[in-house]
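Have a look at the structure below before the remarks.
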Amino acid sequence: MKLPRCLNLLIIILLGYFLLQTGIVVLQLKNIYYVLGLNILFSGIVLALLYMSWKKVFAPLRELADKIDKMKDEQLYPVEENSDFSYEALSLIKAFNRLILTIKRYNEELKEKNHQMEKLNSEYAAQHQELEENLQELQTTKHNIEMFAELGMVMSGSRLELEEIAQNAIEFASFKLDFPLVAIYTQDKSGYYILLASRGIKGAVERFSAGESVMGAAVLDKKPIYVSRPEYGAARTETINGEEILPYQGYIPLIHREECQGLMVLASWKEIDGNLIEYMSRRIAVNLYNAYLHANLLHTYEQLHEEAALLEELSAQREEENEHARRDRNIAVALLESVEEALFFHLQDGRIYVHNQHFARMTGEKTPDNRWDSSLNVEDVMKTIIATMENPDKLSETMQQLKRDPDQTISLNIVQQEPSFASYEVFTAPVHDIVEGQDKILGRIWTFRDVSREYEINAMKNQFVSTVSHELRTPLSSIMGFTELMLSRELDSQKQKKYLETIEREARRLTDLINDFLDIQRMESGRVSYEISKFDLFEICEELAEVFQTKSDKHQILVRGIPPIMVKADLSKIEQVLNNLISNAVKYSPAGGQVEIELSLENEAVHMSIKDQGLGIPEESLPHIFERFYRVDNSDRRNIGGTGLGLAIVKELLDNMQGSVWAESKPGEGSIFHVCLPRAKDNEAMSKQQMDRIKEENKNE
Amino acid sequence: MSMEKILVADDEEALRILICDTLEKENRIIDEARNGEEACQLILTEDYDLLILDVMMPERTGYELCQEAKNMDNSPLVLILTAKAQSADREKALAAGADHVMIKPFSTMALEEVVEKLLESRN
């Protein structure tokens, strides 16, 4: 240690010496003495300095150093007790002591500070540690949150189908969460848990039930089971069937709404983060639950849809059936209404099931809107009918008879009281169910055929026969009687002549009667054919007037009008009509007078009137004069012969030629008979002469 | 011997003549009526032994006249002559109180016989 200090001194000296030499050179001191003297001076200064430094610095220092070496560390040198030290040494010591003390104090302070620093440092380290941990945790949380979010996206991206949910969850667990082995089970309808999807597991268990094995235990307790076997290490171990056994395994039941929806099985090399996994399990459970709900809903919807379709089909079928039923009913009603008979059908209990309008009209019942199942009862209705009958006993008896033997078929005739006097042919029969079998009686049908018209016709026929008989018998009586008298008695010639005249007149009357009768019979039976042609009525009237004029001097027969009066009719029938009317006019004006035949044209018709100045027709008889066998009876016309058929024939003939006839009269002043006939257009007209010519030509051919 | 009084009512002149001529006899008066009304007047005013009535007459039918006559005191006998040949007509006539019914055409001899018998029964 000392040597380097000496060397420093030596270097300083040498530097001084060098500076001296340099000064000399610079100053160009050539005087050797000067040079020598300077050198000696310098040497003397150096020597003095050396001594001084030795005496004042190095020696005490050495002394001090020795002493100090002998001192214990960190102890002050005891100045008072060691007074053998030189003053310098002492002052040094004192200085050192002060320095030491100062150093000591600083040291203390430093120590203190260091201590504090260390303390702070350790605190900081702890905080750092904590921060690190927090950060770690945050990062985990962040990771988890990211995972959760991603899982959420994956899950919500899945369709609500069990397999797809399971597949997506497994892919997520496998790729994102780094589980090499994953499987998801769900509970099927039978209560078993069946494998939905798996990854990385060869020959995974397809099916298990609650309580069976570790998987069954997890679903039974609804709590996750984690199995840790760190002893397996990070190495994969394969069992005989190729299944990998990893050190960390998790069996997580998928719980939603406190119901186990399924099970997720995971295996990993790392310890399993229960948080994330359980969160995931809940997500899957929710999705599975929703998928089930969805499937149920779908199923229900499909069922509903199917049911709706079925219902629709049924309703369409029903609608069709209804349509058929409606149509059948409509047809049935139409059929009931289209028959002439009044009819009703009543059930075994007497309720009138259906009736038609004829029946309603007959009994005065109102036809209900719903013809079926009315509130009418056969007993009540029958009472009503019986009450209106001329012969009520017949129907009452029938009702009694039916009570005794309800399976009877009965026909009878009943007549209603005045004013209708309607006659009904009643028929009633049990109605058997033809479809179900003859044994089953549905009810009873009643028909009421209105035979009034037939009765009337029959009565008319009888009346006609009776009248004809009467009319024939009257002249016959005269003929027979007078003949008998002539044969049995001796009579004078005057009387004989009178009798013979009467016989001849009555015989002629009989002939006319028979002719007229045959005519009207032919007309009635439609055996009379009409040959409609066009001719001049005026001409015909003039011809006939001439014929009648020649028979009677008392009458003046006139034809008025502007010829030609063209008509469309049957010529011979018109001749018959005119014959009857003119002969009547002549006959019933026994005192004679004018018979005016007036012809005129109207729009579409020809009007003819035949006016006489005869007896006229009583007012009460006017409506009847065209009836058969009707004859006005009074003493004035007692001797005027007639059959009572002439005007009836006129009317019948004109009716059949689109014509018409009516009469007006004042008794005592005469009658006017009006006739209308269809008019023929002038250009269509053909005169009688022309027609005759054509007929002639036809004959000649 | 009292006079027999007969009324013949028929709207057919020829028949009236026939009946009158057939029944013409001494001690017998035969009146004629041309219709129901005339006959009725005569029945009410004259005292007849026998009425010979046609059924189908204007104003009054033979049946009506018959009924009326039969309701009188000392009612005359009634012979109804009808051209209606049905049995119902005969019954109607008997129901009206007629003593005999003859159907037209009739035999004058049968008429004579019937009238004689009826008048005898009355005597």
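Observations on the structure shown:
- Degrees, to the nearest 10: A:32-53 long Cα axis against longest axis of chain A: 70
- On the principal axes of its alpha-carbon atoms, region B:4-122 has extents of 36, 31, 28 Å, going from largest to smallest.
- Ligands, DNA and RNA are left out, and with a 1.4 angstrom probe the accessible area of the protein assembly as shown is 60 Å² per residue.
- Taking the convex hull of Cα positions in chain A, its mean projected area over all directions (nm²): 110.3
- The alpha-carbon of A:K202 sits under 22 angstrom from the alpha-carbons of these lysines, leaving out residues fewer than 8 places away in its chain: A:K176, A:K270.
- Placing a label point 7 Å from the Cα of B:E91 along the Cα-to-Cβ direction, the residues of region B:47-76 whose backbone N falls under 18 Å from that point are B:63.
- Here the contact order of chain A, divided by its residue count and restricted to Cα pairs under 8 Å and six or more residues apart, works out to 6 percent.
- Computed label-point distance, nm, for sites A:E436 and A:E418 using a 7 Å Cα→Cβ extension: 4.9
- Computed [θ] at 222 nm, deg cm²/dmol, the protein assembly as shown (DSSP H ≥ 4; -39,500 (n - 2.57); rounded to nearest 500): -17500 deg cm²/dmol
- Dipole check for chain B: with +1 at the C-beta of Lys and Arg, -1 at the C-beta of Asp and Glu, and the Cα centre as origin, the magnitude is about 400 Debye.
- Degrees between helix A:392-404 axis and first principal axis of chain A (Cα, 0 to 90, nearest 10): 50
- Value of D in µm² per second that Stokes-Einstein yields for region A:481-621, Kirkwood Rh from Cα pairs, at 20 °C (1.002 mPa s): 118
- Length released on extending from A:L310 to A:N515, taking residue separation times 0.36 nm less the Cα-Cα span: 65.6 nm
- Helix A:162-171 axis, angle to chain A major axis (alpha carbon atoms, nearest 10°): 20
- Long-range amide H partners of B:L77 with built H, under 5 Å: B:L50, B:L51
- Spin-label model, A:S533 to A:N603: label points 7 Å out along the Cα-to-beta-carbon direction sit 3.0 nm apart.
- Over 28 Å between alpha carbons, listed pairs A:K30/A:K55; B:K25/B:K92; A:K495/A:K666; A:K551/A:K681; B:K92/B:K117: A:K30/A:K55; B:K25/B:K92; A:K495/A:K666; A:K551/A:K681
- Carbon-plus-sulfur accessible fraction, chain A (probe radius 1.4 Å, protein heavy atoms only): 54%.
- Between A:E620 and A:S488, the contour length at 0.36 nm per residue exceeds the Cα-Cα span by 43.0 nm.
- Coil-residue GluC sites (Glu not before Pro) of region A:441-503, DSSP, other Cβ within 10 Å capped at 16: A:E490
- Shielded residues, region B:1-48 - accessible-area loss of 10 Å² or more between chain alone and all protein chains, probe 1.4 Å: B:D11, B:E12, B:E13, B:A14, B:L15, B:I17, B:L18, B:D21, B:T22, B:E24, B:R34, B:N35
- Residue-wise HN-Hα couplings along region A:572-577, as the Karplus relation 6.51 cos²θ - 1.76 cosθ + 1.60 with θ = phi - 60° gives them from phi, are 5, 5, 5, 4, 5, 4 Hz; Gly and Pro carry x.
- Placing unit charges on the Cβ atoms of the charged side chains and taking the dipole of the protein assembly as shown about its Cα centre, the candidate lying farthest along the positive direction among A:I386, A:A507, A:L376 is A:L376.
- Across region A:250-309, the convex hull enclosing all Cα atoms gives 73 Å³ per residue.
- Applying 0.36 nm per residue to the separation of A:Y51 and A:Q139 and subtracting their alpha-carbon distance, the gain on full extension is 24.0 nm.
- Dipole orientation for chain A: of the candidates A:G593, A:W446, A:N144, A:N144 has the Cα lying most toward the positive pole (charges on Cβ; Lys, Arg +1; Asp, Glu -1).
The values are calculated or read from the model by the stated rules, or taken from the named source; none is laboratory data. All figures in this text were calculated on a predicted structure; none of them were measured in a lab. Cβ coordinates were reconstructed from backbone atoms using ideal geometry, including for glycine residues, and neighbour counts include every protein chain displayed. SASA here: full protein model, heavy atoms, side chains in, ligands and nucleic acids out. Shrake-Rupley method; radii C 1.70, N 1.55, O 1.52, S 1.80 Å.
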